[in-house]
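The block underneath contains the structure these notes are about, expressed in structure tokens.
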Amino acid sequence: MRRVPLRAVAVCGALLLTASCGWTGPDTGGGGPLPAAPAGVTAAAGSATSVHVMWNRAAGAPEIDRYEVYRGATKVKEVPGSEYMVDVTRLSPSTPYTFSVRARAADGRLGPSSARVRATTPAAAPADDRAPSRPGRPSGRAVGSRAAQLSWNASTDDRGVSSYDVYQGTTKIHSVGGAQTATVVTGLRAGTRYSFTVRARDAADNVSPASGAVRVTTAGSADGPGGGAGMAPTGFEASAHRADGAYYLDLAWDPPEADGVITEYQIQLDRQPATALVWGADPPRGRATYSFYVGREAGVTQRVRIRAKLPDGTWGAFSAERTVTTGGAGR
């Protein structure tokens, strides 16, 4: 299951580290403007064989269909236009690499390259089965309504810490290099309470226990711009059908307009969790549908609703509630 974390910008101490924006100039080719070069590209080694690459959403028109990630001149990854980070794997230990990102429009035209950023994988640690210590004394504060700054004390490891993974709830939202002990997480919702933890990782991919939780509440109202309002699935419909002597609920909805890809939903029957839906491949980019088994008895009436786990790791609001009767009509 692929999860899509928030856009975050690493900081060391109080200094914000960002990549400069590179752009090779417009070339419309007679078909309108090309996608802009992605800005804010960063790369950090996650282990001896992987590098975590992130970027900002390409601004302006046209609509972005996907992003292409390059190692040197070789394209190594491709992600949907709603994703802004990726782990590049199968790299060699102790090796410097250069990465860049390009945006491709829905009509197939490819924009210019971003600035090139560099990352060096650490040395491999064969037969290393000892995890780093737990990151200590985590702290954080809200930065306005859309961001939070986190910091922690460094972990120790017999071979050295390669990276730190930041989680919101159970969702990994970012990675920073092992020499960094702070990060700014962006793309949050206004008036929302978050719980962040940090784990240390070494070059052999051993992961530490989670740090203590850091609770941060962003400023503003959850019903204002960027808040919880509108974060529920819309156009929710529910009906039932019978197949092979059993009844199934058929659901359809439009995903909330979140800043990133939604891969997980919770479905409730009569206000109790009934099942979880986790897309095993690329999730639908438009209207979604799902069916699940509810039993063999006709005439059973149930109330059904659904909510999404948002890219920032929090649960959105529930959809409108629908009533469905097996062997009957839904409403």
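What follows is calculated from the coordinates using simple rules that are stated; it is not laboratory data. Since the model is a prediction, treat every value here as computed from it, not as a measurement. Glycine also receives a Cβ, built like all others from the backbone with ideal geometry; neighbour counts cover every protein chain displayed.
Fewest-first ordering of T183, T217 by other beta carbons within 10 Å of each residue's beta carbon gives T217, T183. Taking the fewest neighbouring Cβ atoms within 10 Å as the starting point, the ordered list for I173, I64 is I64, I173. The length gained by stretching the chain between T301 and T120 to full extension, at 0.36 nm per residue less their Cα-Cα distance, is 59.3 nm. Rounded to the nearest 20 debye, the dipole magnitude of region 234-325 is 260 debye, with +1 charges on Lys and Arg beta carbons, -1 on Asp and Glu beta carbons, and the Cα centre as origin. Considering only G160, A147, V198, and ranking their Cα positions along the charge dipole of region 105-212 that arises from unit charges at the beta-carbon of Lys, Arg, Asp and Glu, the one farthest toward the positive end is A147.
Along the charge dipole of region 58-118, Cβ charges K/R +1 and D/E -1, which of M85, T98, L110 sits furthest on the positive end? Toward the positive end, the furthest listed residue is T98.
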